[in-house]
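These notes are about the structure you will find just below.
The values are calculated or read from the model by the stated rules, or taken from the named source; none is laboratory data. In this text, all values refer to a predicted model and were calculated from it rather than measured experimentally. We place every Cβ from the backbone using ideal geometry, glycine too, and count neighbours over all the protein chains shown.
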There are 2 protein chains.
Amino acid sequence: MAIERKATADPARSLAILWRTREPTSRSAGQGLSVDRIVRAAIDIADAEGLDALTMRRVGEALGVGTMSVYTYVPGKAELVAVMIDTAYGEMPRSAVEGDWRARLERIAHDNLALYQRHPWMLRAETTRPVLGPNLVAKYDHELGAVADIGLTDIEMDAVLTLVLGHVKSSARAASEVVDLERETDMTDGQWWQSHAPWLETFLTADSYPTASRVGTAAGQQHGGAYGPEYAFEFGLQRVLDGISVVVAERAASR
Amino acid sequence: MAIERKATADPARSLAILWRTREPTSRSAGQGLSVDRIVRAAIDIADAEGLDALTMRRVGEALGVGTMSVYTYVPGKAELVAVMIDTAYGEMPRSAVEGDWRARLERIAHDNLALYQRHPWMLRAETTRPVLGPNLVAKYDHELGAVADIGLTDIEMDAVLTLVLGHVKSSARAASEVVDLERETDMTDGQWWQSHAPWLETFLTADSYPTASRVGTAAGQQHGGAYGPEYAFEFGLQRVLDGISVVVAERAASR
DNA sequence: CAACGGGGTCGTACGGCGTACGTCGACCGC
DNA sequence: GCGGTCGACGTACGCCGTACGACCCCGTTG
């Protein structure tokens, strides 16, 4: 029910797979099992049914193969997930670097949001000390390109990226949970809100917590409408970019 | 290895416990088991050893009681976690509302960071559609107080809070993972970085990804030093607050 | 062409988890 | 003193990840 633990995939093992240290043997070169086929099957399962549905038994099944055969190509589930993550990074667009830095960062934020929408399981699998696969490195390099040459120090460039991507991840997580819950409970967020309103009013009277009840109601109605997570994402992103522009302006002025 | 799934604790059941709908019977009033004792024991375990170590068997053990006895007071693990979360909120300071809005938000950010440092398991257990326990409501009301009366709409007040708390959570998660990994691997972040440097240089040459290799190295050294997650937290927080001040200024000007 | 060796495959089994279910004992109200 | 009720808990089920060892098939070698 929580974030992936033993997310500590053995980095060395994962890296060996990711950077293709081992060339395929003549035997396995046929149409048999392979890391690629396993990873693709695993991603399909996780995309469609979430990280909890991704079990080693399930992967074997999907490939018409015994559960333990999977372990021939992948040392364990944690390492499989690590490879899945890097593979997903590899499928991201590397939009051309055009426009000013703000437009570029905005574009990157939206690309990453789309990534999380396509692969919601990544929200629960990623760690902050990621396995440095080739696609993550390429992604990092590409994204740094958006903030290079605007007068920031290297440390600041990294911090800016961390900030923006962190915001995207927060927002994506919120949006993803709304979708999950709407499917699990067969209720839209708005319906859920309304069905709980009477209960809330029992305890959360305007007397006891006036501000919370007023603002909570307003925010709840917003969620009921078409916009909710989307608004939080856009609002937050614009605030973050505004904040970054203050630093950029400072650096430009002192040059 | 991931974020709590079936985090869908049955809200009604959780709420019933949280708002103490059921008064203690004369029988159970003695020194026997109780929701409070269970929750306290569970929080102690999770604080000390993480959410993975928190099993129902373990909770029973800690209380000198059979595993299934716990289910007399709590409908399931998900609901137990929900109550743990609200309890933790209840232990937060409600710092007096003083200073300007920026100082107040900064204070709130630091209070929430401290909460996550004391209870790192919350980073993996919280959801975005939380169970509306009494302490969460009180916390929300208190935190709204920091941004009331500065000219924002209700929706914006909620969005500002969501943004700041989202940033705190991102940063706290990063910091927490660093701590976890340093314990698990018996290596500091700096040592880990250095031990992987040769490997990285093999693939990530300055030729292939000049920006990534330069900035990554700089950021890596930063992590090796005393500051890393703390810097990311403070840098991001100041940027977020700068961004918010732009909106506040706009609203003040148009009034 | 026969024998061998090794690698891909997979069945079984173990120790963990959450928890459904049914029983038992002790206490409280009468 | 007694009946009913409720807290406590033992057992068991179906999941999970994966260690271990057996099998089988195929490419290589003598």
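Taken over segment B:57-69, the criterion of being touching a residue at least 24 places away in the same chain (Cβ under 8 Å) and outside any loop (DSSP other than H, G, I, E, B) is satisfied by B:Ser69 alone. All conditions but one from (1) modelled with pLDDT under 80; (2) aromatic (Phe, Trp, Tyr); (3) under 22 Å from A:Val178 (Cβ atoms) apply to A:Phe203; the one that does not is (3).
The condition of being within 16 Å of DNA strand D (Cβ to nearest atom), more than 14 Å from chain B (Cβ to nearest Cβ) and touching a helix residue (DSSP H, G or I) at 6+ places or on another chain (Cβ under 8 Å) holds for A:Ala62. Number of residues in segment A:223-232 that are within 18 Å of B:Leu165 (Cβ to Cβ), modelled with pLDDT of 75 or more and out of contact with any Ser or Thr (no Cβ under 8 Å at 6 or more places or on another chain): the value is 2. Considering segment B:65-90, the residues that are within 15 Å of DNA strand D (Cβ to nearest atom) and among the β-branched types (Val, Ile, Thr) include one that is farthest from the other protein chains (Cβ to nearest Cβ), namely B:Val65.
Just a yes or no: is a residue in segment B:172-181 over 21 Å from B:Ala218 (Cα atoms) and not in a helix (DSSP H, G or I)? Looking through segment B:172-181, none of the residues is over 21 Å from B:Ala218 (Cα atoms) and not in a helix (DSSP H, G or I).
When segment B:31-56 is filtered for residues that are away from DNA strand D (no atom under 12 Å from the Cβ) and in a loop (DSSP other than H, G, I, E, B), the ones remaining, listed by number, are B:Gly50, B:Leu51, B:Asp52, B:Ala53, B:Leu54.
Within segment A:124-140, if we keep just the residues that are in a helix (DSSP H, G or I) and more than 12 Å from A:Lys169 (Cβ to Cβ), the residue that is farthest from the other protein chains (Cβ to nearest Cβ) turns out to be A:Asn135. Please determine whether any residue of segment A:116-123 is within 10 Å of DNA strand D (Cβ to nearest atom), in a loop (DSSP other than H, G, I, E, B), of a type outside the set (Lys, Arg) and crowded, with 20+ Cβ neighbours inside 10 Å. Checking segment A:116-123: not a single residue is within 10 Å of DNA strand D (Cβ to nearest atom), in a loop (DSSP other than H, G, I, E, B), of a type outside the set (Lys, Arg) and crowded, with 20+ Cβ neighbours inside 10 Å. The residues of segment B:30-77 that are aliphatic (A, V, I, L, M) and under 15 Å from B:Trp121 (Cβ atoms), listed by number, are B:Val39, B:Ala41, B:Ala42, B:Ile43, B:Ile45, B:Ala46, B:Ala48, B:Leu51, B:Ala53, B:Leu54, B:Val59.
The condition (being surrounded by fewer than 19 Cβ atoms within 10 Å (Cβ to Cβ), in contact with an Asp or Glu (Cβ under 7 Å, 6 or more places away or on another chain) and of a type in the set (S, T, N, Q)) is satisfied by just one residue among A:Ser95, A:Ser69: A:Ser95.
In segment B:70-101, which residues are assigned to a helix (DSSP H, G or I) and either in contact with a strand residue (DSSP E or B) (Cβ under 6 Å, 6 or more places away or on another chain) or without any contact (Cβ under 8 Å) to a residue 24 or more places away in the chain (or both)? Within segment B:70-101, B:Tyr71, B:Lys77 meet the criteria. Checked against the criteria, B:Arg102 counts as more than 9 Å from every other protein chain (Cβ to nearest Cβ), in contact with a Leu (Cβ under 7 Å, 6 or more places away or on another chain), of a type outside the set (A, V, I, L, M, F, W, C) and surrounded by fewer than 19 Cβ atoms within 10 Å (Cβ to Cβ). Candidates A:Gly60, A:Gly90, A:Gly76, A:Gly64: the one that is among the small types (Gly, Ala, Ser), within 16 Å of DNA strand C (Cβ to nearest atom) and within 23 Å of the chain's Cα centre (by Cα) is A:Gly76. Among the residues making up segment B:141-162, those that are within 7 Å of another protein chain (Cβ to nearest Cβ) and assigned to a loop (DSSP other than H, G, I, E, B) are B:Gly145, B:Ala148.
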